[in-house]
Amino acid sequence: MKYRILTITLLSLLISGVYAQTEKKTPAVKPVVAKTKVYRVEAGYTQPLRYGDYVSNTLLHGISLGGTVEYPIKKNIGLVTGLKYSYLFGSKTQLYPNYAEANYSYTGHALDIPVRLSYTVPIFWGLKLFGFAGPNFNFGLAQNTDVVYRDDDDTATAPYVTGGKFNLYKTELNRFSIQLGAGGGIQWKDYRLKAGYDWGLNSISKDKDSPQKLKGWYTTFEYDL
C-alpha cells in the first residue's frame with residue numbers, strides 16, 4: 001500500500017513537471033497589429049503648362065510644399081491623398097505683325113488635392129519601388145500677369161493687346177481644373193523621391209470658343225513622419 005501511494009505521488013509530480021515545462025516552451029502568440037496610415041511631408045518642383053488650339057502655350061515653373069496621408073487598403077496597396085501649395089512664376093513673348101510684341105510676366109498661387117491609388121514593391125537593401133495613379137483637383141488662388149506691349153515705333157499703344165496688370169481669374173480663366181495623372185518613384189527607409197504627370201480633363205477658359213486646359217509634370221522629395 002505504501003509503495004502504491006509513493007508511486008502515484010511520484011507520477012503526479014513527474015506529470016506536473018512535464019506540463020510546466022511544456023507551458024514554458026510554448027511561444028507566446030504575438031497580437032496582430034493592424035497597419036496604420038502613413039503621414040508624409042513633401043517639397044518639390046512643378047512645371048504646369050496651359051495650352052489650347054486657339055491660344056499660345058503658357059509654361060510656368062513652381063515651387064511646391066505640402067503633406068500627404070496614405071491609408072492602407074490591402075498588402076502593398078494604399079490610397080493617398082493630401083494638400084499641396086505651389087508658388088508659380090514664368091514669362092513669355094508673343095510676336096505680332098509689323099514687329100509688334102507683347103512681353104508677359106506671370107506669378108500665381110495654386111492648391112492641389114490628389115486622390116491616388118498607390119502600389120509598393122520591396123526590392124532589396126531596404127529599397128522599395130512604388131507607382132500611383134488617379135485624379136488630381138487643382139484650384140487656382142491667383143494668376144497675375146503683367147503685360148508690356150511694344151510696336152516697331154517703341155510706343156505703348158496696343159492695337160493687339162492691352163498692356164497692364166491683370167488677375168487672369170477675373171478676366172480670362174476659371175479656377176478649377178480636374179486632372180488625371182500617374183507616376184512613380186523609389187523609397188529608402190523614410191525617404192522617397194517621386195515624379196509624375198497630370199493631364200487636364202476640363203477647360204479652364206471663360207471663353208467657350210477658345211478652350212484651354214492645364215497639364216504638367218512634377219518631381220517631389222518626401223519624408224515619412
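We did not get these values from a lab; they are worked out from the coordinates using the rules stated. Computed from a prediction, not measured in an experiment: that's the story for all the values here. With ideal geometry, Cβ positions are generated from the backbone for all residues, glycine too; neighbour counts draw on all protein chains shown.
Within 10 Å of each candidate Cβ there may be at most 12 other Cβ atoms; applying that plus a DSSP loop requirement, which chymotrypsin sites (Phe, Trp or Tyr not before Pro) in region 54-139 survive? Passing sites in region 54-139 are Tyr54, Tyr99, Phe124, Trp125.
Of the trypsin sites (Lys or Arg not before Pro) found in region 131-225, those in coil by DSSP whose Cβ has at most 16 other Cβ atoms within 10 Å are Arg175, Lys189, Lys206, Lys208.
Each residue of region 161-167 was assigned a 3J(HN,Hα) from its phi angle through the Karplus expression (A = 6.51, B = -1.76, C = 1.60, θ = phi - 60°), giving 9, 8, x, x, 10, 9, 9 Hz with x at Gly and Pro.
Amide H contacts for Leu141 (H built 1.01 Å from N in the peptide plane; partners 5 or more residues away or on another chain; cut-off under 5 Å): His109, Ala110, Leu111. Region 38-224 gives an Rg/Rh value of 1.09, both radii derived from C-alpha positions and Rh following Kirkwood.
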